[in-house]
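**Student:** Here's a structure for you.
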Amino acid sequence: MSEGASFTRGRPPLGDRLVEAALQVAGAVSVFTTAGILMVLGKETFAFFSEVSFAQFFFDTQWTPLFADKHFGIWPLLCGTMLTSLIAVVVGLPFGLLSAIYLSEFASPRFRQVAKPALELLAGVPTVVFGYFALVIITPALQVFMPELSGFNALSAGLVMGLMIVPLISSLSEDALWAVPRGLREGAWALGAGKVETILNVVLPGARSGLFAAFTLAVSRAIGETMIVAIAAGQQPRLTFDPRSPVETMTAYIVQISMGDVPVDTLEYRTIFAVGASLFVLTFGLNLIGRRFVPRAQRSR
């Protein structure tokens, strides 16, 4: 038996074993951290629902846990979250996808090298900056055309949230478009298809799974956004679909309670865990939907 063969069947080198151990530790830390978060969230949520019934939480249309007349209906917070997220998606998805198509299919390599890092740099702007941009720039600009627009409103917060998720959608969508084999494009061109026809009928369907994953991640990012809605949307939980009115989202309420004015281990304090659990279920459901649709789109390619 040769010396090389005996070496390959022996123990792996020390460096490989150290890397493997480090990866195992990193994986275990992430798993245990997630488990710890779920344990704390579940414990406090259970304590909340031991005092508040599910009927109060799911069927009441008012959210006033800090008032003398307490109501614990989650719908005003959920409505505010959905309203701002919907505005963000309506703004962010088209602009993100169109910018990805341009960078992938039309832009020159030199322009792409400059534009893509600049676009991704926008993703590094702190969200608190976006929040004050919505409050002091976007809202006054909108009030010129809509005098009835409140100083705190869902519209300006949603518009800026849409601007915030554009780099995320653009970057992930461009990667998905680049992953489509060039041979498919060349085959469409050989059959007489133009540039736009090739994009619509070949490239976009071929990148369907990656695009859907990018959209799902962007929607989850918009739903979980905190500082923009806390600063620009207001902190008035209302069951309204009027984007001109101030609203409060689930994340903004968590920020409000976490400021330290509410004593720990009280019912009012435990509301943040009930809201956090609702937010977790919402985003987890979106991710499950994304995981179900992506393999289906991959099989259809």
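The values are calculated or read from the model by the stated rules, or taken from the named source; none is laboratory data. Please read all numbers here as calculations on a predicted model, not as lab measurements. Please note: Cβ atoms are built from the backbone with ideal geometry, for glycine as well, and neighbour counts cover all protein chains shown.
**Student:** Name the pairs: first residue in the range 20-47 and of a type in the set (Ser, Thr, Tyr), second residue surrounded by 10 or more Cβ atoms within 10 Å (Cβ to Cβ) and part of a helix (DSSP H, G or I), Cβ to Cβ under 7 Å, at least 6 apart or on different chains?
**Tutor:** Short answer, once both residue conditions are applied: THR45/PHE273; THR45/ALA274; THR45/ALA277.
**Student:** Which residue is surrounded by the most Cβ atoms within 10 Å (Cβ to Cβ), if the candidates are limited to the range 45-74 and must be under 28 Å from the mean Cα position of the chain (by Cα) and in a loop (DSSP other than H, G, I, E, B)?
**Tutor:** Of the range 45-74, the ones under 28 Å from the mean Cα position of the chain (by Cα) are 45-46, 48-49, 54, 57-65, 72-74.
After this cut, where a residue has to be in a loop (DSSP other than H, G, I, E, B) as well, the list is 60-62, 64-65, 73-74.
Values: ASP60: 17, THR61: 12, GLN62: 16, THR64: 14, PRO65: 24, GLY73: 20, ILE74: 22.
Once the filter is applied, the top-ranked residue is PRO65.
**Student:** Check PHE152 against each of (1) touching a residue at least 40 places away in the same chain (Cβ under 8 Å); (2) over 20 Å from the mean Cα position of the chain (by Cα); (3) surrounded by fewer than 16 Cβ atoms within 10 Å (Cβ to Cβ) and name the one condition it does not meet.
**Tutor:** (3)
**Student:** Still on this structure: Is there a residue in the range 58-65 that is in the same structural domain as SER156 (by TED's automatic domain parsing), closer than 30 Å to MET227 by Cβ and without any contact (Cβ under 8 Å) to a residue 24 or more places away in the chain?
**Tutor:** The answer is no; no qualifying residue exists.
**Student:** Which one of LYS43, LYS70 is in contact with a Ser or Thr (Cβ under 8 Å, 6 or more places away or on another chain), farther than 16 Å from THR249 by Cβ and not assigned by TED's automatic domain parsing to the domain that holds ALA233?
**Tutor:** Working: LYS43 fails: in contact with a Ser or Thr (Cβ under 8 Å, 6 or more places away or on another chain).
Going through LYS43, LYS70 in turn, just one is in contact with a Ser or Thr (Cβ under 8 Å, 6 or more places away or on another chain), farther than 16 Å from THR249 by Cβ and not assigned by TED's automatic domain parsing to the domain that holds ALA233: LYS70.
**Student:** All but one of (1) exposed (fewer than 13 other Cβ atoms within 10 Å of the Cβ); (2) assigned by TED's automatic domain parsing to the domain that holds PHE284; (3) modelled with pLDDT of 90 or more hold for PHE106; state the number of the condition that does not hold.
**Tutor:** (3)
**Student:** For LEU211, state whether it is crowded, with 22+ Cβ neighbours inside 10 Å and more than 23 Å from SER278 (Cα to Cα).
**Tutor:** On the way: crowded, with 22+ Cβ neighbours inside 10 Å: yes; more than 23 Å from SER278 (Cα to Cα): yes.
Yes, satisfied.
**Student:** Taking helices (runs of 4 or more DSSP H) that fall entirely within the range 144-257, which contain at least 1 residues that are assigned by TED's automatic domain parsing to the domain that holds THR81 and touching a Leu at 6+ places or on another chain (Cβ under 7 Å)?
**Tutor:** Once the helices (runs of 4 or more DSSP H) in the range 144-257 are filtered for at least 1 residues that are assigned by TED's automatic domain parsing to the domain that holds THR81 and touching a Leu at 6+ places or on another chain (Cβ under 7 Å), what remains is 154-178, 208-223, 227-232, 250-257.
**Student:** Another question about this same structure. Within the bounds of the range 96-107, is there any residue that is farther than 30 Å from GLN235 by Cβ, more than 21 Å from the chain's Cα centre (by Cα) and not in a helix (DSSP H, G or I)?
**Tutor:** So far as the range 96-107 goes, yes, one or more of its residues are farther than 30 Å from GLN235 by Cβ, more than 21 Å from the chain's Cα centre (by Cα) and not in a helix (DSSP H, G or I).
**Student:** Name the residues in the range 258-272 that are surrounded by fewer than 20 Cβ atoms within 10 Å (Cβ to Cβ) and in a helix (DSSP H, G or I), would you?
**Tutor:** LEU267, GLU268, TYR269
**Student:** Shifting gears a bit: I'd like the full set of residues that are surrounded by 24 or more Cβ atoms within 10 Å (Cβ to Cβ), touching a Phe, Trp or Tyr at 6+ places or on another chain (Cβ under 8 Å) and under 16 Å from LEU121 (Cβ atoms), limited to the range 155-169.
**Tutor:** Correct list: MET164, VAL166, ILE169.
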